[in-house]
Amino acid sequence: MVGSSEIDYNNNVYPNGNGSINGALEEKLDELRKHVGKAEGDPLRIVGVGAGAWGSVFIALLQDSYGHFRDKVSIRLWRRAGRQVDRATAEHLFEVINSREDVLRRLIRRCAYLKYVEARLGDRTLNADEILKDGFCLNMIDTPLCPLKVVTNLQEAVWDADVVVNGLPSTETREVFEEISRFWKERISPPVIISLAKGIEAELEPVPRIVTPTQIIHRASGVPMENILYLGGPNIASEIYNKEYANARICGAEKWRKPLAKFLRQPHFIVWDNSDLVTHEVMGGLKNVYAIGAGMVAALTNESATSKSVYFAYCTSEMIFITHLLAEEPERLAGPLLADTYVTLLKGRNAWYGQMLAKGELSLDMGDSIKGKGMIQGVSAVKAFYELLGQSSISVLHPEEKKPVAPVELCPILKTLYSILITRDFPSQAILQTLRDETMNDPRERIAIAQSHAFYIPSLLGQ
């Protein structure tokens, strides 16, 4: 199990495989180094920016696979300093440590165990960056990772990076990459950026349009779009680190997506490459929108398989409709795209959030940054998609009423989620009323409309 492995920084030992596996990994690393243009003796510098669950796991996977090639690669992770670990979390963390003999022995060998004892007793306050160095992500305490090289100074972390992995929430991406751009002004060549962010922004002036995380990074940093990629798939961070089989797609320009797909691929984590950056990023934001509703339906119907499947049919038809507004020939909702939607509706943090709201265990007044879960990105995405698709200036012809309407009028679930989460006009139960509306059309009709290409609006992506 990956979670039980340990990186020994004092010995050039690879703990997770034999010599043949080691040789194959080194070959993949050498290929990427050559593609980047690294000279002998100059390590490939990979930096994670943002230490949420998926961002931390992604860097930990690379550390487990390549970290022992210290003369060829440097892997580090940036997170903000100063975030304190509360007493209850420290107590739980202590229980996790003592339930895992491998983790316990590792901390004792590193002379790091005592601080967790002191934190458990209330005699010491731990910081999030401090425990991350020992492999504990604050948003994923129950899944210990390998030890990580953590940097809290942003300039130190990124100024000479060759590959940057964006693990920030989409709502924080612009601010951080605007700051990063100041450190890259003197660079001769731009870095390669892999964005894991799932979310979107809406710009309403001068022309309504959607802005994806890769576009935000491009604008904020000045890095060319051909150097910015998106990676997404049916990925629950803790399960991937524990070697549950998973797959993903890395999307963007062919120059980088093919070598990176090969570099990132592992026996339990298959990475394919794909050219359709737009559809995958938009779907990455949309799935979080509809996952909140899926959680509500699950909670309100006592996990009714029938109700959840009906919801799945309706929400995927709206997702297909929306992507056909944004792209003329979007990738079909199948394979990893469909699987990503399915797993997010089934088990992601946004689905959990919807469940907790419907059960009354959370309230909207608590905000969308939840302790132990991180940012619930579906909330801001609901607002962005609704405001964008609610603009009368991008009206479409209603197929039955034969009159111009805003596109959001053909997305009743999105409208309901906006009324629940943003304007707060209705309680969570309203999602069931929408689902059971006798006037709802067969989802196939919405899909057929979308696939007719009649509603494609190039301006929505600034094209």
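The values are calculated or read from the model by the stated rules, or taken from the named source; none is laboratory data. Since the structure is predicted, the reported quantities are computational estimates derived from the model, not experimental observations. Quick reminder, even Gly has a Cβ in these numbers, built from the backbone with ideal geometry, and neighbours come from all protein chains shown. All accessible areas refer to the heavy atoms of the entire protein, side chains included, with ligands and DNA or RNA removed. Shrake-Rupley method; radii C 1.70, N 1.55, O 1.52, S 1.80 Å.
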Could you check the simple spin-label distance between residue 26 and residue 397, using points 7 Å along Cα→Cβ, in nm with one decimal?
-> 6.6 nm
Given H placed 1.01 Å from N in the peptide plane, which residues other than close sequence neighbours of residue 78 have an amide H under 5 Å from its amide H?
-> 48, 49, 50, 151
Ignoring the sites themselves, what is the longest stretch of the chain with no GluC sites (Glu not before Pro) in a DSSP loop and at most 13 other beta-carbon atoms within 10 Å?
-> 41-185
With unit charges on the beta carbon (Lys/Arg positive, Asp/Glu negative), name the residue among 370, 295, 146 whose Cα is farthest towards the positive pole of the charge dipole of the chain.
-> 146
Compute the separation of the alpha-carbon centres of segment 103-164 and segment 24-60 and state it in Å as a whole number.
-> 20 Å
Under 5 Å from the placed amide H of residue 44, counting only residues 5+ away or on other chains, we find 73, 74
Quick one: dipole size for segment 339-463, taken about the Cα centre, charges +1 on Lys/Arg Cβ and -1 on Asp/Glu Cβ, in debye to the nearest 20.
-> 360 debye
Provide the per residue accessible area, probe 1.4 Å, for the chain, rounded to a whole number of square angstrom.
-> 42 Å²
Of the peptides 231-238, 109-116, 369-376, 51-58, how do they stack up when ordered by the mean number of other Cβ atoms within 10 Å, highest first?
-> 51-58, 231-238, 369-376, 109-116
Contour excess over end-to-end distance, with Cα ends at residue 225 and residue 364 and 0.36 nm allotted per residue | 46.4 nm
Let me have the relative contact order for the chain, percent, based on Cα pairs under 8 Å that are six or more residues apart.
-> 14 percent
Quick calc: nm separation of the 7 Å Cα→Cβ label points for residue 175 and residue 40 -> 4.7 nm
Surface share of carbon and sulfur [accessible, 1.4 angstrom probe, percent] for segment 278-461 | 49 percent
Charge dipole (debye, nearest 20) of segment 87-126; +1 at Cβ of Lys and Arg, -1 at Cβ of Asp and Glu = 200 debye
Using a simple charge model, +1 on the beta-carbon of Lys and Arg, -1 on the beta-carbon of Asp and Glu, nothing else, what dipole does the chain show about its Cα centre, in debye to the nearest 20?
-> 660 debye
Go through 314, 25, 334 and say which Cα lies farthest out towards the positive end of the charge dipole of the chain; charges sit on Cβ, +1 for Lys and Arg, -1 for Asp and Glu.
-> 25
Phi angles of segment 328-334, converted by Karplus (6.51 cos²θ - 1.76 cosθ + 1.60, θ = phi - 60°) into ³J(HN,Hα) in whole Hz with x for Gly and Pro, give 6, 10, x, 4, 5, 6, 8
Label point at residue 125 placed 7 Å out along Cα→Cβ; residues across segment 352-381 whose backbone nitrogen lies under 19 Å = 371-372
Protein accessible area in segment 87-126, 1.4 Å probe - carbon and sulfur % = 50 percent
Please work out the C-alpha center-to-center distance from segment 206-242 to segment 278-344 and express it in whole Å.
-> 19 Å
Across segment 381-392, in residue order, what do the Karplus-derived ³J(HN,Hα) couplings come to in whole Hz, using 6.51 cos²θ - 1.76 cosθ + 1.60 with θ = phi - 60° and x for Gly and Pro?
-> 5, 4, 4, 5, 5, 5, 5, 5, 7, x, 6, 5
Out of 194, 286, 263 - ranked by how far each Cα lies towards the positive end of the dipole of segment 163-291, with unit charges on the beta-carbon of charged residues - the top one is 263
The set of residues whose placed amide H lies less than 5 Å from the amide H of residue 194, leaving out same-chain residues fewer than 5 positions away, is 164, 165, 166, 229
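Length gain on complete extension for the stretch residue 334 to residue 255, per 0.36 nm per residue less the alpha carbon to alpha carbon distance?
Residue separation times 0.36 nm, minus the Cα-Cα distance, leaves 25.9 nm.
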Phi to ³J(HN,Hα) by Karplus 6.51 cos²θ - 1.76 cosθ + 1.60 over segment 243-249, Hz, x for Gly, Pro | 6, 5, 5, 8, 9, 7, 10
